[in-house]
Structure formats: C-alpha cells, structure tokens
Amino acid sequence: MSNDKQTPLGALVTAGDQQTAAERITDTIFMVKDISNAYLVTTADGDLLVNTGFLGNGRRNKALFAPHRTGPLRRIIVTQAHPDHYGALPEQIEDGTQIIAGAGFTATCDYFEELGPFLNRRSGKLWASLTRRDGPPPKPPKVVPDIAVSDRLAFEQGERRFEVMKTPGGETLCSVFVWLPDDRTAFTGNLFGPVWRAMPNLVTVRGDKPRLVRAYLRSVEQVRALEPELLITGHGEPVRGAARIRADLDTMHAAVSWIERQTIAGMNAGKDVHTLMREIVLPAELKIGEFHGKTPWVVRAIWEENAGWFHYDSTTALYGVPRSSIDADLAGMAGGASALAARAATKVAQGKPLEAIHLLDIALGAEPGNRDALAAKKQALQSLLAASGGSNLSETMWLKTEIAAADAALLEA
C-alpha cells in the first residue's frame, strides 16, 4: 500500500484517509477529500453540493461539512456517473434537495449495472487495494436526477449564479461541469482526468465507454473559453490563477492534438498501431503527466477510434480461435515450456521484458504450472515495474497484481 501511495494518482485517492475537517477553498467553498472529492458551496439561501464522495462515506463526509453548513441543502450536482462521485449521496440528501446530473446519467448507471460482474472483476484487479480496503464496496445507490442537463442549465441560489454545462467529452458520456460566472470558478470533476495537467485516458484499462479524441479537445476548448480564475477538479487541490489555468489547458490541448496528428499521419503512411505506440513520443515542450493515461494508450485509442477492431494483421482476428489455441504446439516445437522460459530469461537479461512475456504467454499457455516459466514471468514483470517508475497507477497496479499472481502460482506449483 505504501508503494501505491507514491504514485500521484494513488496519493490523491487516499488523501482523505486522515482528514478530520473540511478544507476551506474560499469563504464559501469547502472540500472533503475522498476517493473522489466532494464540495460544499454555501449561499444566502442554503447550500449546494458538487459531488458527494464514495460509497460508504456519506456519514463521514456529511459530518465534515456540518460545521460549515448555512441552511437547507438545496441542490446536489453530480458531474459524472461513477460511484466515487455520487455513491455517498443517499446519506447527504435532504427533503427538498434537487439532484442535477447530465443527460444520460441514468443510462450510464444502467450500463455499469448491466456489465457489473465483468467490470467489477477488472476494476478489482487494478483498484482493490485502494477502494476496497474494508472489503467489496456496497452496490451503488439508485440515483434518479430531478434534472438531466443536455446543454446548459442556469439558475440562481442565494444571489449567486450557477451554470451546469454538458461536456462533449467527459470521463463518462453524461459528464457535466459547474460554472460560477461571478466567481470565475469552474468545478470540472474528472473532465480532464483524475490528475490535473495530465494525459487523458480516452479508453480506460478497466473498460468503459470510449471517449473520442475530438470530443475531449472540444471539452478543453469549452472550459478554456470561460477563462476561469479558480478550477476545482475531482481530485487533488484546486488550480488557482487565470494565467496558470490557461497555460495548462493550452498545453493539454496541444499535446493531445499533436498525438492525434502524428497518429493519423502514421496510419496514412501504412504504419501499424504497435509501431505507432512505440514511435510517437511527445516533444519536451508538450510533456504532461502520464498518471492515468499514457501517450501510447492515447495513440491506440485514436487508431482504433478511426480504424476499428480489425487491424488487418491476421485473418485469425476475424474468427473466434485465439493464438493461445496453438500454445502447446509452439511449446512442443521449442522443446517445452522450460526451454521457452530459458529463452525468455535471456530476453529479460537483454532488456527486452515484453518480448520475454510474449514467449512466457506461450509457455504458460501450454504448461500453466511450469515453475521456470512462472519465475521468468515474475522477473520480466519486475523489470517492467522498475522501468515504469511507478508513475502511472493503472500500469503500476496491473504489474503488481500480475507479480502477486505469479508468486501465488509458484507457491502452488
């Protein structure tokens, strides 16, 4: 767990563990840190929440906000249909509280429920140590918005103006952000990902509806045009200062635009997706964090957004017979799983752990309990983890769980 906290995203996810009081952002805006943060906005006519925090944390979050409450909770605005943003809503809603979300919120929740067993297995492998520290979380609550915003909703509360704006390319297809024009303040949720000034995850490792690259870029343009002076995200500390916010948004837009241009150019030149994932590297002046998304993942997302799932590299992709169906044949021709493991160990020593894993996938497909192959796989994974620097949480968690699985298999072998 301590190593996970060293990643920027892991640190944000666990930042609220020791929080004993809500943090004051301005005289009227307060933050409770959670797996995804919750925000209280006070007005002369009661209060408003932007997101509520994660499942099981409702009472805790409500208690942290309590000293700053000024009146009835008039509204709760949910920026997206991920449970870490709305899971604590039932414990905080009051009689008369209006729930506002983006158009498609209910459909997105239904999607996650329908695919729950599949997505929960995948999420559990990546995130269990951070989000399931007290066992599996409860089932997300059923939340039905009173208002579903399809474009823009403007209202006043306590002489403060609010606007809820639908985004073309948020983390979910129902995403919105909240704009306080008189305060020049934007609550963006995870519109730009969980870490500010970082590469978006257009298609997440765990699985989700894909976000199109142009929709993401239009979202950056939408917020940038407002010229906010205070930007409050779904995780971490607020971003202050119009000049800094503009510069960061400019860099994020330029970086992703550059990747899109290079990917399209490479596709037109006849290069395959794996070549482009290796070759496309951001120029130094466009470098942004890669804590959730990564440049090669964005390349692949753009390639497949435009080309689809068939890569024109093998006829077998058109049919339901995977390469693993001939693992035993390949292992036999190579002299057995242990012979492949020895070749893989040489690849690791040569600084080629990914080539090693290709060999070991075949070896373990033929003999799942082969100790030589399991040991070589652990070595290759450890090499990848060391090379990664532990900055990207999905990559880090995947590699750590794979190492743990190799350890467990070695104990059983």
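The values are calculated or read from the model by the stated rules, or taken from the named source; none is laboratory data. Note that the structure is a prediction, hence the values are computed from the model and not measured. No Cβ is skipped: glycine too gets one built from the backbone with ideal geometry, and neighbour counts run over all protein chains shown. With ligands, DNA and RNA removed, areas are computed over all heavy atoms of the protein, side chains included. Shrake-Rupley method; radii C 1.70, N 1.55, O 1.52, S 1.80 Å.
Only one residue in ILE280, ILE302 is closer than 21 Å to ARG214 by Cβ and touching a residue at least 24 places away in the same chain (Cβ under 8 Å). Which one?
ILE302 is the lone residue from the list that is closer than 21 Å to ARG214 by Cβ and touching a residue at least 24 places away in the same chain (Cβ under 8 Å).
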What number goes with the only condition from (1) touching a residue at least 40 places away in the same chain (Cβ under 8 Å); (2) closer than 30 Å to ILE25 by Cβ; (3) of a type outside the set (Asp, Glu); (4) crowded, with 18+ Cβ neighbours inside 10 Å that ILE245 does not pass? (1)
So, of the residues in the stretch 216-238 that are hydrophobic (A, V, I, L, M, F, W, C) and outside any strand (DSSP E or B), which turns out to be most open to solvent (accessible area, probe 1.4 Å)? ALA225
Mind telling me which of the residues ALA387, ALA408 ends up being surrounded by fewer than 16 Cβ atoms within 10 Å (Cβ to Cβ), in a helix (DSSP H, G or I) and under 22 Å from the mean Cα position of the chain (by Cα)? ALA387
Filter the stretch 371-412 down to residues that are within 12 Å of LEU360 (Cβ to Cβ) and of a type in the set (Val, Ile, Thr), then give me how many there are. 0
May I ask you to list the residues in the stretch 249-307 that are of a type in the set (S, T, N, Q) and out of contact with any helix residue (DSSP H, G or I) (no Cβ under 9 Å at 6 or more places or on another chain)? ASN268
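Residues to consider are ASP361, ASP327, ASP250; find the one that is farther than 22 Å from LEU381 by Cα, at pLDDT 95 or above and part of a helix (DSSP H, G or I).
Result of the check over ASP361, ASP327, ASP250: ASP250.
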Test: GLN382 is within 30 Å of the chain's Cα centre (by Cα), open to solvent by 40 Å² or more (accessible area, probe 1.4 Å) and among the polar types (S, T, N, Q): yes
So which residues in the stretch 274-293 are assigned to a helix (DSSP H, G or I) and surrounded by 14 or more Cβ atoms within 10 Å (Cβ to Cβ)? HIS274, LEU276, MET277, LEU286
Only residues that are of a type in the set (A, V, I, L, M) and closer than 18 Å to ASP110 by Cβ: list them for the stretch 56-90, please. VAL78, ALA81, LEU89
Could you tell me how many of the residues in the stretch 65-107 are open to solvent by 20 Å² or more (accessible area, probe 1.4 Å) and either of a type outside the set (Asp, Glu) or touching a Gly at 6+ places or on another chain (Cβ under 7 Å) (or both)? 19
Right, ALA269: open to solvent by 50 Å² or more (accessible area, probe 1.4 Å) and of a type in the set (A, V, I, L, M, F, W, C) or not? yes
In the stretch 34-89, residue nearest to VAL143 (Cα to Cα) [restricted to those that are touching a Phe, Trp or Tyr at 6+ places or on another chain (Cβ under 6 Å) and assigned to a helix (DSSP H, G or I)]: ASP84
Would you confirm, using the coordinates I've provided, whether PRO296 is buried (at least 18 other Cβ atoms within 10 Å of the Cβ), under 30 Å from PRO181 (Cβ atoms) and out of contact with any Ser or Thr (no Cβ under 6 Å at 6 or more places or on another chain)? no
Looking at PHE105, is it in contact with a Cys (Cβ under 7 Å, 6 or more places away or on another chain), aromatic (Phe, Trp, Tyr) and over 23 Å from LEU12 (Cβ atoms)? yes
